[in-house]
Structures are given as C-alpha cells and as structure tokens.
Amino acid sequence: GNSVTQMEGPVTLSEEAFLTINCTYTATGYPSLFWYVQYPGEGLQLLLKATKADDKGSNKGFEATYRKETTSFHLEKGSVQVSDSAVYFCALSKTGFQKLVFGTGTRLLVSP
Amino acid sequence: DTGVSQNPRHKITKRGQNVTFRCDPISEHNRLYWYRQTLGQGPEFLTYFQNEAQLEKSRLLSDRFSAERPKGSFSTLEIQRTEQGDSAMYLCASSLATALAKNIQYFGAGTRLSVL
C-alpha cells in the first residue's frame, strides 16, 4: 500500500541554520506530494505541494522537489527562524483527489 | 476568515459512554474528511464525504464509529461505547474537489478525546 517515511525528530537547530527534513514514499503510479506544518495548538496547514515528477514546491522560504527516481520529497530551508519551530508532516495523495497518507511527523526546534 | 471549525475542542468521557463531534467545513467545500491522530503519529484517514455521500471508510472505522453529513454541510462523528484506545485527536478537513481547485485539504484544529 501507499506509505510515507520521515526522518525522526526532534531536529534541533540554531537560528539561520540550514534545514533538511527527509521524506521518502512508497506508492504506485504518480502520487501528489505535500508538506503540512502544525504549529502548537493549531490545525495542520499546507506548506507546499508538488503534483508531478521534478516539480518544485515552495512557500515561505521552504522548498521540496518531487524526485521520482529516488521516491523522495525532502523539505529544505536555507535559513530557519525561531518561528519555524513546529511539527512538519510529509504526505501523499494517490491522485491528488483522494485521502492523504501522512508520515509520522518531524518536530523542528529552532533556538535563538 | 472562516476556516474549518471543530467542536468541542476537548472532550473527556468515561469508558462506555457515547460521544459526538461536529465539524463545520469551509463554505462551499464539497468534500469533508475525518482523520485520527494519536500522540507521536501522523493523522490516519477515517472516512470522507463528497457532498452528503460517504464515499470511503477506512478499516480503522469500526462499527462503533459512525459519521454523517446531512445536506452536505456540517458533519458529525459519533463514537459509541468508547474505549480507552479511542483516545486521540480527531481532525476534520474540507476541500473543493475540482480540476482547478486541486482538492487542497484545509484542516480544523481538532477535537481531543480522552477516554478515562
């Protein structure tokens, strides 16, 4: 079946450090891929998405590239801020019109 | 800004009691999803509606769980004879499933259920 594997956290960084959170997936065909972010006490928010191979999703300085050959969708940011501290979830949707399958989430802690 | 609204935010109940949660989606969204999230895990799909029709149910949704979306607007999720294993965060999401809107799911803040 479809599944998503994320690197375990927490990831602890200093402000302005480079961020990578790894995400790999297992799915048949060409799923749509997403990163959602969950700030404390808030609901999940879509951070970025990509719907086909080699697409790059980007938002708020975060980027992720859909790599079909390595079945990966790693999240990156060049310079993190304290306000980026949150839990990040990688997810897929088989056709983009169906349910989301989530990874277990990666907690990011950024210190000043 | 009216996003997805879930009520109550917290529910504490005793084992064996019935509980009902409500989700109000973003206006005009035709799809509504329920997910369950336990501590340290990602959300897991439970069921979804397109308008008032329930189109898919997960095997996680035992016969003690029932969901409705009368008139294709708000939805309720009922759990009968609650068990301690039902303790989790129940998330609702809604989307506009058209070719243009691309079915982006918008999530509510969730209802946290604690079964004692």
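We did not get these values from a lab; they are worked out from the coordinates using the rules stated. What you are looking at is a predicted structure, and each value in this text was computed from that prediction instead of being measured. Here the Cβ positions follow ideal geometry from the backbone for every residue, glycine too, while neighbour counts run over all protein chains shown.
For this structure, a couple of remarks:
- R0 of 22 Å, Cβ-Cβ distance A:Ala17-A:Ala53: FRET efficiency to nearest 0.05: 0.15
- The mean sequence distance of close C-alpha pairs (under 8 Å, at least 6 residues apart), as a share of the length of region B:11-76, puts its relative contact order at 30 percent.
- Environment charge of A:Trp35, counting only residues whose C-beta is closer than 10 Å and scoring Lys/Arg +1, Asp/Glu -1: 0
- Karplus (6.51, -1.76, 1.60) ³J(HN,Hα), θ = phi - 60°, over region B:4-12, in Hz, Gly and Pro reported as x: 7, 10, 10, 9, x, 7, 9, 9, 10
- Think of each Lys and Arg Cβ as +1 and each Asp and Glu Cβ as -1; about the Cα centre, that makes the dipole of region B:1-53 roughly 440 debye.
- With the cut-off at under 15 Å, measuring from each backbone N in region B:22-58 to a point 7 Å along the Cα-to-Cβ line of B:Thr76 picks out B:22-24.
- Selection from B:Asn51, B:Leu39, B:Phe65, by position along the positive dipole direction of chain B (Cβ): B:Leu39
- In the protein assembly as shown, taking the dipole from charged Cβ atoms about the Cα centre, the farthest positive-side position among A:Pro112, A:Ser72, B:Phe107 is held by B:Phe107.
- A crude spin-label estimate for the pair B:Gln50 and B:Leu116, with each label 7 Å from Cα along the Cβ direction, gives 4.4 nm.
- Here B:Lys57 is the anchor, and the lysines within straight C-alpha reach of less than 22 Å, apart from those fewer than 8 places off in the same chain, are A:Lys94, A:Lys99, B:Lys71, B:Lys102.
- Packing-based exposure ordering (other Cβ within 10 Å, fewest first) of B:Arg36, B:Arg15: B:Arg15, B:Arg36
- Taking the fewest neighbouring Cβ atoms within 10 Å as the starting point, the ordered list for B:Cys92, A:Cys23 is A:Cys23, B:Cys92.
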